[in-house]
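The structure under discussion appears below in the form of structure tokens.
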């Protein structure tokens, strides 16, 4: 991270844009904030910090600019949201009623598809066999197919167990759609975890056994380590 | 340049927000400004005042809200511009240089390129002759060049066989683009089929003849065993 | 709800009607676990306190009723019934010391866990779908900006394209056994091409079989195909007026010659 001179990022009065900026000096933070603002506004998809860095002048620190920008848009009609490791501008949810013109008719998901999606989100990475074990019924191809096509799930890393089955994980598109910063922010995830319901078998009496030694350990649980 | 404090947009002119607003009373101007902001942001086309009036709650004054909003965006990375008799949010002209990403025209890869890429991904390292054998047609030079130029494939190690042919492998860029951790995570035929990504067809005797011994080497073919 | 033997006869009328409704609705269940979960709600207790024994009884009763009403249950419902009957015996009989494997209590605990987990996933699925959703409650930029028209073309493909492309090739391979073996087939076009070149030399009546190309005479399959192709080609040439054709009697050799007056 460069140590740019703190040019009071939120100064409402934007400093005059330097005609000729030095090749090696990062633009003032106020300028960087404008740049991030412009890039995020121009894109419908979330933009990663890496991409911002690549597009902004050398030495820029988009992460810091983002902190300022998020603050600036608090309480406004649009806001800066984090989606995985990317950022996007989205309208404030309380104004959704003004947007009927933009509303896209959501594809109706079957109950099976919704449950499968939830299982993948809460248990990811998860194999097909595990999904079936949880639902107690086999997963139809159409269901997985549909979720992949909607770009809400994708194939994850193979499980290092016999047969090396593929796993499914949720995508950035999923997080974006449901307004989640990360899969960690799924509603009720912590409760499920402490109730032992993300494991593959009932837990011993201890409500929060530290080690989960069985294969279930690959699940969302790992998100909480670190 | 605006000089309101950023987080409390409506302080200057706007009366305090009433807890319970009367059915026939317009929302406070700060709220109206938020609404205009959200609508302009989400609309695919510039929006006229008449349309804003129609969408916003009864008694709203979008013209005035627009005045506030335009002022708010002065000097920012984006600004409110008038287009004919409609309004839109646009990138500040001095930041246009950041936008080239959006001018990129995305085209679908040709079928030949996709197939070639798929074969490289599943069988890497693979020689041109092997690609041709699998596809059953010769691989045009343009296809390989295109994939190399896109930085999705690169030359791998030479094969220790007569003629020492070069091989192709996929790049990190490829893995990033497709959201894969490694080429080994590509799903196998059986998995494609069970995910419904492969049309099932009435198979004769062998329900899933997974043998692909044509390449016989240490390639990715093992993914298809099970 | 007690752990005691659960008698079908003590079911109240409303309970019985509910059970029948379940049976009639069997199509509406997503498998035995779903049905068990629905049945467990009649116990009106927290899933953690559920009586698995009573639940097993209810399930077996359900299957019995379905049989009585001559409703065909899918195999997995019957498998579950068998397993629950086993579980029931494990729970009721004193443990057999020679038997290893999980005890009845452990099996019951696992079933209760499965039900609780399924219910939990349903609850969070509902919570998930109740969240603000993009395109419904909040929106992305409607007008993606194109400021500078720099025409740079990129090519894109999705993983789905890639996988389907690969699948297309691989399944074509699987298909190969069903494709006709082209090695032993001579097309009429090929025969025609060949005969057009040869016929010029044949001013006299010649057996059609002498026109078979080398390598197509000995192998029966190839010979059959080549004969048919040559015969069809000859008919074409007759039609075109370039040759004549004759056969002395049934099964006699077929002969052809160039039409004398060109």
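Considering every residue in A:99-108, what mean count of other chain Cβ atoms within 10 Å of its Cβ is obtained? Could you put the intermediate results ahead of the total?
Numbers: counts 12, 1, 10, 11, 5, 5, 2, 5, 0, 0.
The mean count of partner-chain Cβ atoms within 10 Å per residue comes to 5.
Centre-to-centre separation between the Cα atoms of segment B:44-100 and those of segment B:108-141: 49 Å. Placing a label point 7 Å from the Cα of residue A:63 along the Cα-to-Cβ direction, the distances to the matching points in the other copies come to 4.9 nm, shortest first. Once you place label points 7 Å from the Cα toward the Cβ at residue C:74 and residue A:141, how far apart are they in nm? Those two pseudo-labels are separated by 1.7 nm. Counting neighbouring Cβ atoms within 10 Å and putting the fewest first, the residues C:231, C:138 line up as C:231, C:138. Per residue of A:137-149, other chain Cβ atoms within 10 Å of the residue Cβ number 4 on average. Taken over the C-alpha atoms, segment A:29-102 has Rg and Dmax values of 12.7, 42 angstrom. Counting other Cβ atoms within 10 Å as a rough exposure proxy, the listed residues C:250, A:116, A:53 run C:250, A:53, A:116 from fewest neighbours to most.
So for A:29, C:188, fewest C-beta neighbours within 10 Å to most, what's the order? If you can, show how the numbers build up before the last one.
On the way: A:29 23, C:188 16.
Lowest to highest Cβ neighbour count: C:188, A:29.
For segment C:44-171, the convex hull spanned by the alpha carbon atoms encloses 289 Å³ per residue.
Spin-label pair residue C:127-residue A:107: with each label point 7 Å from Cα along the Cα-Cβ axis, the two points sit 2.6 nm from one another. Placing a label point 7 Å from the Cα of residue A:75 along the Cα-to-Cβ direction, the distances to the matching points in the other copies come to 2.0 nm, shortest first.
Placing pseudo-labels 7 Å out from each Cα toward the beta carbon at residue B:151 and residue A:51 gives an inter-label distance of 1.5 nm.
FYI, it's all coordinate maths here, none of it is from the lab. Here the structure is a predicted model, which is why all the values come from computation and not from measurement. Cβ coordinates were reconstructed from backbone atoms using ideal geometry, including for glycine residues, and neighbour counts include every protein chain displayed.
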